[in-house]
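Peer 1: One structure, pasted below without further comment.
The values are calculated or read from the model by the stated rules, or taken from the named source; none is laboratory data. These numbers were taken from a predicted model, which means no experiment stands behind them. Cβ sites come from the backbone with ideal geometry, for glycine too, and all protein chains shown count toward neighbours.
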Amino acid sequence: MDEDLHALGEDLITTAARVVRWVPKENGFGISLAAARLLARLHDAGPTRISDLALAEKCSQPTITNHVKRLEAAHLVDRTADPRDARAWMIKLTKKGYQQLSLMRASIGTSLEPYLATMSKRDIKALREGVEAMRRLMAIEREKQAS
């Protein structure tokens, strides 16, 4: 493997993780960052089986089931039988789940705004281009999963 690409991969993940740690803890949302990731995944992918959520989140099915139970109790997701297999459950965002996710994303934007405001126009442009490049990178991952 190309050492530069390997180092870039490490830098992308570690830097993104550090920025995520800036998310305000006292935001009043009452859900963990892992649960917020599940809401975002459901928003992006639509109704999804618990087993597929576990695979996508790289964690155990019991862990996802516990998160889903908490999100259900908060009325942020609904669980319905999978029409292809009645033994399996499909998890989908509720209207309240969509609203919660939107509020969380707005809170993140608000918390980062003061930092971004101190940056040069050149750096802001580079960050926007970086975000677009990361979206293209994620599209490659989605295509790989679909095939």
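Peer 1: Which pairs have Cβ atoms under 7 Å, sit 6 or more apart or on different chains, and link a residue in the range 110-126 that is closer than 14 Å to residue 20 by Cα to one that is of a type in the set (A, V, I, L, M)?
Peer 2: If the second residue must be of a type in the set (A, V, I, L, M), the pairs left are 111/23.
Peer 1: Starting from the range 42-57, keep only residues that are more than 22 Å from residue 102 (Cα to Cα) and touching a residue at least 40 places away in the same chain (Cβ under 8 Å), then list their pairs with residues that are of a type in the set (Phe, Trp, Tyr) and surrounded by 15 or more Cβ atoms within 10 Å (Cβ to Cβ) whose Cβ atoms are within a distance under 9 Å, requiring at least 6 positions of separation or different chains.
Peer 2: Going by the 9 Å Cβ cut-off, the qualifying pairs are 49/89; 50/89.
Table: residues versus (1) assigned to a loop (DSSP other than H, G, I, E, B); (2) among the hydrophobic types (A, V, I, L, M, F, W, C); (3) surrounded by 12 or more Cβ atoms within 10 Å (Cβ to Cβ).
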{"site": "7", "(1), (2), (3)": "no, yes, no"}
{"site": "14", "(1), (2), (3)": "no, no, no"}
{"site": "18", "(1), (2), (3)": "no, no, no"}
{"site": "30", "(1), (2), (3)": "yes, no, no"}
{"site": "52", "(1), (2), (3)": "no, no, yes"}
{"site": "55", "(1), (2), (3)": "no, yes, yes"}
{"site": "62", "(1), (2), (3)": "no, no, no"}
{"site": "78", "(1), (2), (3)": "no, no, yes"}
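Peer 1: Take the range 89-147 and flag every residue that is aliphatic (A, V, I, L, M), over 20 Å from residue 15 (Cα atoms) and more than 17 Å from the chain's Cα centre (by Cα).
Peer 2: Answer for the range 89-147, where residues must be aliphatic (A, V, I, L, M), over 20 Å from residue 15 (Cα atoms) and more than 17 Å from the chain's Cα centre (by Cα): 90, 146.
Peer 1: Return yes or no: is residue 91 in contact with a Ser or Thr (Cβ under 7 Å, 6 or more places away or on another chain), surrounded by 12 or more Cβ atoms within 10 Å (Cβ to Cβ) and under 20 Å from residue 33 (Cβ atoms)?
Peer 2: On the way: in contact with a Ser or Thr (Cβ under 7 Å, 6 or more places away or on another chain): yes; surrounded by 12 or more Cβ atoms within 10 Å (Cβ to Cβ): yes; under 20 Å from residue 33 (Cβ atoms): yes.
Against the criterion (in contact with a Ser or Thr (Cβ under 7 Å, 6 or more places away or on another chain), surrounded by 12 or more Cβ atoms within 10 Å (Cβ to Cβ) and under 20 Å from residue 33 (Cβ atoms)), residue 91 qualifies.
Peer 1: Next up: Yes or no: residue 133 of a type outside the set (D, E, K, R), closer than 20 Å to residue 20 by Cβ and not in a strand (DSSP E or B)? Explain how you work it out, then say what you get.
Peer 2: Working: of a type outside the set (D, E, K, R): yes; closer than 20 Å to residue 20 by Cβ: yes; not in a strand (DSSP E or B): yes.
Taking the combined requirement at face value, the residue satisfies it.
Peer 1: Inspect all residues belonging to the range 102-115 and state whether any of them is of a type in the set (A, V, I, L, M), modelled with pLDDT of 95 or more and touching a helix residue (DSSP H, G or I) at 6+ places or on another chain (Cβ under 7 Å). If you could, list the steps in order and put the result at the bottom.
Peer 2: As a first pass, look at the range 102-115 and keep what is of a type in the set (A, V, I, L, M): 103-104, 106, 108, 112.
From what's left, modelled with pLDDT of 95 or more: none.
No, the conditions are met nowhere in the range 102-115.
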